[in-house]
1. A:A134 - would you say it is surrounded by fewer than 16 Cβ atoms within 10 Å (Cβ to Cβ), at pLDDT below 90 and in a helix (DSSP H, G or I)?
2. Please find, among B:A283, B:A239, B:A291, B:A253, the residue that is surrounded by fewer than 24 Cβ atoms within 10 Å (Cβ to Cβ) and in contact with an Asp or Glu (Cβ under 8 Å, 6 or more places away or on another chain).
3. Quick test for you: out of B:A316, B:A291, pick the one residue that is over 24 Å from B:G203 (Cα atoms), hydrophobic (A, V, I, L, M, F, W, C) and over 15 Å from the mean Cα position of the chain (by Cα).
4. Working only within region A:97-131, note down all residues that are touching a residue at least 60 places away in the same chain (Cβ under 8 Å), within 14 Å of chain B (Cβ to nearest Cβ) and not in a loop (DSSP other than H, G, I, E, B).
5. Assess whether A:S103 counts as being of a type in the set (S, T, N, Q) and surrounded by fewer than 22 Cβ atoms within 10 Å (Cβ to Cβ).
6. Quick one: in region A:106-119, which of the residues that are crowded, with 16+ Cβ neighbours inside 10 Å and not aliphatic (A, V, I, L, M) is nearest to A:R80 (Cα to Cα)?
7. State the number of residues belonging to region A:158-172 that are under 21 Å from the mean Cα position of the chain (by Cα) and among the polar types (S, T, N, Q).
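The values are calculated or read from the model by the stated rules, or taken from the named source; none is laboratory data. In this text, all values refer to a predicted model and were calculated from it rather than measured experimentally. Methodologically, a virtual Cβ is constructed for each residue, glycine included, from the backbone with ideal geometry; neighbour enumeration extends over all protein chains shown.
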Amino acid sequence: MIPPASSSPFIALSSLGSLSSLSSLGRLLLALCISLTLAACRGDAARESTAAKGPAKRIASRTVFADEVLWQLGEEVQARVVGLSPMADDARYSTVAGRWPASTPRVGQNPEELLALAPDLVIVASFSAPEYRAAIEDKVRVLVLEDFTGFDDYLANLAQIGEASGATEAAGRMRDRFVARRAKLEAARPPVDQRPTIIAWDYGYVPGAQTSFDDAATTAGFVNLAAREGLEGHQRLDAEQLVAWDPAWIVVGCGELPCAEARSKLAAQPGLGKLNAVAQGQIITIPAPYLATTGEDMLELAARLQAPLLGAHAK
Amino acid sequence: MPNSATGPARSWRHPLVWSLGALALTLAAALALTIGPGKFALGDVLELFATKLRGGQLEPTAEAILWELRLPRILLSLLVGAGLGCAGAVTQGLFRNPLASPGVLGISTGAAAAVVLGFALGVDEQGLWVTPTLAGLGALTMLGLLFGLTSRRQDLAYLLLTGVALNALAGAASTVILALFLDRYALAQKAMAWMMGSFDGRGFTQLGWASGPILIGMIAAWALHRPLDLLVLGEETAATLGVDRGRLRLLAALVVGLLVGTSTAAVGVIGFVGLVVPHVARALLGVAGHAHARLLPASMVIGAALMLGVDTLGRALTPMFLAPGALTSLIGGLFFLWLLRRHGGGAS
């Protein structure tokens, strides 16, 4: 149900309106997913609603990805941020949760709230609500980040934010850091013919090709089984199919549940206890924001995947 | 009262018809065991089950797919389909309205609201039993409200309108909860998956606790066939023939609540089955609307067959995921249009 162009399981649901029945609610959720899919198919490059007019002085973020990047760009950029996405402090989604000062407003669903902050740059994602974007596009410079399908999109988005915020040098340093860490992880992974299969299982959904998990798993030294079997984006997968594919390793997210409980909950599900990965204890638990991130911490995900793999390899 | 022993209905008295129907359903279920991920021929499946029943050890993947997942899933699809078909026949009989469906009483919507609230509060993470329990509690709450609000009036129209209002309220409650947590992707994902219904990942545990209430509900529904037959003649006529309208209303709503609430708790929301299946029973098998002794079992068998077919089709298309609730609505909607057209053509 996730747009193929988005590797992160974030969807800004909006405009639920007044619904009076379950069927209409279901239709609404379906329509939202379709509209988000269409929105994600618009183009490849990031877009701005108006031509760039030099470095922004008052920056507002409407995506958790931009919350993370703006924090990582350093204090000079942080000081110019006047608004953050509502998920900036949510430890289930944001890898910078709790770092932004409470005095920086978190901007909700109402565009008036954003405009009241008088930003001169607003960073949104292609899957942000179209109504919201339409309400602000002719009043403020809007940077629309189109794709979030892994490492390449991260670097492209980082460059866009760096340029729009006048922090090209800081963005360049982040890029170099990312490239170097990626190279180090890739150098440590097992040879191609010894790379085991892996699947990330989340509420019955799995990330296939064109996802941040796919890039992270490949960098760590795994073969993302869902991608190898032809799945693209985040897809629902039948438990029977998971058992039939029988990945050597399995990844589960933890956050709402402690990691140990997430592991035992997986093993308790009918059929899944018989997976080789479960029987051999090859379950990797990852805190939820690292599975969700489309930012620099995709490499932290790769590192957390690689550590148990190298440990098992060394035995 | 029309003579239900005439015409096509007569053949239903012959036990051979029921025996053949049951045999066909059993064969279909056995064939369904071979369809899905993993390559298992019918002979392999039967051999594996024989080994399992003898207490032997199976290869872990085969045991997980066939024994722990597919067998209970197929049995659950038969059970849920039968229960929803039966609930539909009872609802249409109770309201004497062919467009009535179990959904109008708001049972499944109430179950969904409770589940969405559970997702929003994160309590579903406490264990696999939490979501079905919440759904059951939601269904019971709706049933309690329905009875509480209609206890002083006996007419069915009031019950129907109260059900519609509660349905709307519960739907709105789900909407409000989702609206309050718009930025939580996982919540929307879980809510959507649950509202589309699924037999995926259901094992013997879910089958075990759903079997009792659904079987009791179906037996209780069958026990109501005579008063439901008399109700077709009109409420007042039925009352003069000894039908206690208040008691019938209470029991029928309880039966529908039990069947729909348990089904929804087990597999999520499966729409349209309760509306369409009784029509299929009447149209294809020549069962008269007033002959509930035959209509109810026929609806159970056809509901079970429909749900088995839908689930098997979904499994055959794996790894593509096809939600059974969406598929039943699609098939049901098309069939219903065909039925209406056919009916209209006959009348002209």
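1. Answer is yes for this residue.
2. B:A291
3. B:A291
4. A:V124, A:A125, A:E131
5. Here the answer is yes, as A:S103 does meet what is asked.
6. Filtering region A:106-119 for residues that are crowded, with 16+ Cβ neighbours inside 10 Å and not aliphatic (A, V, I, L, M), the one nearest to A:R80 (Cα to Cα) comes out as A:P119.
7. 1
Table: residues versus (1) facing chain B (nearest Cβ under 8 Å); (2) part of a strand (DSSP E or B); (3) modelled with pLDDT of 95 or more.
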residue	(1), (2), (3)
A:A244	yes, no, no
A:G253	no, yes, no
A:L291	no, no, no
A:E296	no, no, no
A:L299	no, no, yes
A:H313	no, no, no
